Amino acid sequence: MIPDDVVEQVAQAADIVAIISEHVKLKKTGSVYRGPCPFHQGTNANFSVVPGRGYTCFVCGEKGSVFTFVQKRLGLNFVEAVKYVGEKSGIEVIDVQKHRDGPDPREPLWELNATVAAWFTEMLWNSEFGAPARDYLARRTISRETADRFGIGFAPRELGLMRTYLNGLGFDDARLLDAGLLVKREEIEEPRPRFRDRLIFPILDPSGHTVGFGGRLLGPGEPKYLNSAENRAFSKGHLLYNLGAARTAIRKDEQVVLVEGYFDVVRLVDAGIESVVAPMGTALTEQQADLLVRNSKTAILLYDSDAPGQKATFRAADVLLSRGMSVRVVTLPDGDDPDTFVAKHGREAMERLFAGAMDIFDRKVQLLERGGWFSDLRRKRRALDAVLPTIRATSDPITRDLYVQRVSTASGIDRAVLMREVEQVPKRAVKPVARRDETPLPPEPDEGDEAHHVAPVRLLRPPARDVTAERALISVMLLDPESVERIVEAVGRLDEARGEAAPLDMESPGVDGVFHDPVYAAIFAAMSEAVAESGTDISIERLAESLDPESIRTVELLRAEPGAMVNGPQTMEQALRSLQSRQFRDRIDDIDRILPLAGEDEKAALLQEKATLRREAIALDPRDAWAVVRRKS
């Protein structure tokens, strides 16, 4: 039996144009290849081959994948066809007897998705409901030809249209729910379409099956982009948008261009840059990197130039470097993304940027140098924290050696010291996420200590360290709105005292920010914004506008717990003292990380500072003295 992943690997590696060209004389026409049909011995160019997808004859109706073609043309069974295509593609397929017992269990989902993709397209072009979407595409100068190439469609806002249509074709609600096309929150609730008032991008697997959809809202609202739910056919972390169609161009160009979104892909392909794929709004996964390295050893990262885009660029680069790929980055002008840049300047301008793309590590070091991050010992330590993950991720030994030398030259840090740092395994900071389950919090303070009497919130996992003060502070803000402004001001002072955040907008080895727990941080930010806009009259509905479901549940729990706060002012004061003490302890950790880079005179000053910080931390929060004492030099 040939495992499904081997079949997928062969399908991804196969050059369908090259294989079919051995039997049919094909000529490129636009983005497809055409020739006479070998199945009905036609003489006209009615036989069409789409790279990375499949073939179709518009006369006799024959269509299928590269495996289907080989089976029908050469009289092979499926296993023989996979072996044949694998040999042509340089992949060894182990001898087996059969592919599987019976049909692929994903076939019902493929059939349904293909049917609804056609319906979405019909809604876009031939229905009154699609008028706003047609106007939207026109404003973005996306032609009908380009939209059809990607199968773009439209999901109307109306609740019953798609369901009625698909039910009429024999697709019952159970099947629609299983595919995630309908959603149902409560048993008594009528199913509703997952995609409403959204431009639809069909997502194909490497074999050309429609496995899911991405939808973009036409109007305001969140989320702007919504993908299909995970199911047997669709796992977005294992797919790359447009990979099937881009494979031939990637091999020809000997590089792959990685962008963030659907429209970036559409715009670049429309401009004639075809070796482009996107990870569908997620951070690049290891599985997606594996797909890329099978097709090219060089990646160009073309993400947005804003802070989130920069962070995503460096994260993706580390994943790709770990696969031995060469990674370069293109920096777009401020305010541009790939879509807008190509729309304004065209293909040639973009290709000039590709030609001048910078090695990802050189780009990191360049940004650090421009920001003055190598200017003093403390900033140098933060800069080193920013580049070490990339050096560690780099699997190619020569590239890693070059990166170490580059940092040594830029920072003035001895190469041997850098190598010791590279070889150390970094500690990961764990960030807890609040939710309702049965994992208890650590023990609360003594019952007589009214200042810390806050009802427990259940956690997804035990807190990384001392987030009890954060929980207490958020409880006071929720239960005593008059205190919010004072707390916001106090936290602002703590934030100013904290110093610079990590360079390049990347996470440091510790946890940046006054709040370590992301849920409490999100609630604090939402309440700060709400009180600035509307004073102390803060409703749960107002908070819910800017909070995710997990944070909303945490707010509801804290508000609902009886006796959640005994003494608001004392609770606030003690919580703020605990947070300030924690900042001192974080600085002690920073000193411990700086010491290996310091000279003898600098070490003496750092050790003195560390002793002072330890005393101040204990004075602020004596009950947490054990956590301070263990930070010894």
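Descriptive notes on the structure:
- Of the residues making up the range 280-303, those that are of a type outside the set (A, V, I, L, M), in contact with a Ser or Thr (Cβ under 9 Å, 6 or more places away or on another chain) and either farther than 20 Å from A245 by Cα or without any contact (Cβ under 8 Å) to a residue 40 or more places away in the chain (or both) are E286, Y303.
- Which numbered condition M572 misses (of (1) at pLDDT 75 or above; (2) closer than 30 Å to E421 by Cα; (3) touching a helix residue (DSSP H, G or I) at 6+ places or on another chain (Cβ under 7 Å)): (2)
- The range 608-633: number of residues that are more than 30 Å from T571 (Cβ to Cβ), of a type in the set (G, A, S), in a helix (DSSP H, G or I) and at pLDDT below 75: 0
- A605 vs. criteria over 30 Å from R379 (Cα atoms), in the same structural domain as E482 (by TED's automatic domain parsing) and either modelled with pLDDT of 80 or more or not acidic (D, E) (or both): no
- Screening P108 on (1) at pLDDT 95 or above; (2) on the phi < 0 side of the Ramachandran plot; (3) not aromatic (F, W, Y) shows it passes everything except condition (1).
- Test for R247: is it within 30 Å of V6 (Cα to Cα), modelled with pLDDT under 95 and assigned to a helix (DSSP H, G or I): yes
- R328 being surrounded by 18 or more Cβ atoms within 10 Å (Cβ to Cβ) and in a helix (DSSP H, G or I): no
- There is at least one residue in the range 382-397 that is loosely packed, with under 14 Cβ neighbours inside 10 Å and not charged (D, E, K, R).
- Residue in the range 514-529 that is modelled with pLDDT of 70 or more, part of a helix (DSSP H, G or I) and hydroxyl-bearing (S, T, Y) present: yes
- Among the candidates R378, R352, the residue that is in contact (Cβ under 8 Å) with a residue 40 or more places away in the chain, part of a helix (DSSP H, G or I) and charged (D, E, K, R) is uniquely R378.
- Here the condition is being closer than 30 Å to L547 by Cα, modelled with pLDDT of 95 or more and in contact with a strand residue (DSSP E or B) (Cβ under 8 Å, 6 or more places away or on another chain); of I203, I273, it holds for I203 alone.
- Residue identified as of a type in the set (A, V, I, L, M), more than 23 Å from Q310 (Cα to Cα) and at pLDDT below 60 among L473, L460: L460
- I200 being in contact (Cβ under 8 Å) with a residue 40 or more places away in the chain, over 20 Å from I273 (Cα atoms) and crowded, with 22+ Cβ neighbours inside 10 Å: yes
- For first residues located in the range 207-218 and outside the structural domain of F154 (by TED's automatic domain parsing) and farther than 13 Å from G244 by Cα, partners that are among the basic types (K, R) and at pLDDT below 95 and lie 6+ apart or on another chain with Cβ distances below 9 Å do not occur.
- The range 203-239 - residue that is of a type in the set (F, W, Y) and not in a loop (DSSP other than H, G, I, E, B) and, of those, surrounded by the most Cβ atoms within 10 Å (Cβ to Cβ): F213
- Of note, R34 satisfies the criterion of being under 30 Å from L291 (Cβ atoms), part of a strand (DSSP E or B) and either free of Cβ contacts under 8 Å to residues at least 40 places away in the same chain or not assigned by TED's automatic domain parsing to the domain that holds G168 (or both).
- Counting only helices (runs of 4 or more DSSP H) that fall entirely inside the range 98-191 and contain at least 2 residues that are surrounded by 11 or more Cβ atoms within 10 Å (Cβ to Cβ) and aliphatic (A, V, I, L, M), the qualifying elements are 107-126, 131-139, 161-168, 173-178.
The values are calculated or read from the model by the stated rules, or taken from the named source; none is laboratory data. Since we're looking at a predicted model, the values are computed, not measured. Here the Cβ is made from the backbone with ideal geometry for all residues, glycine too, and neighbour counts use every protein chain on show.
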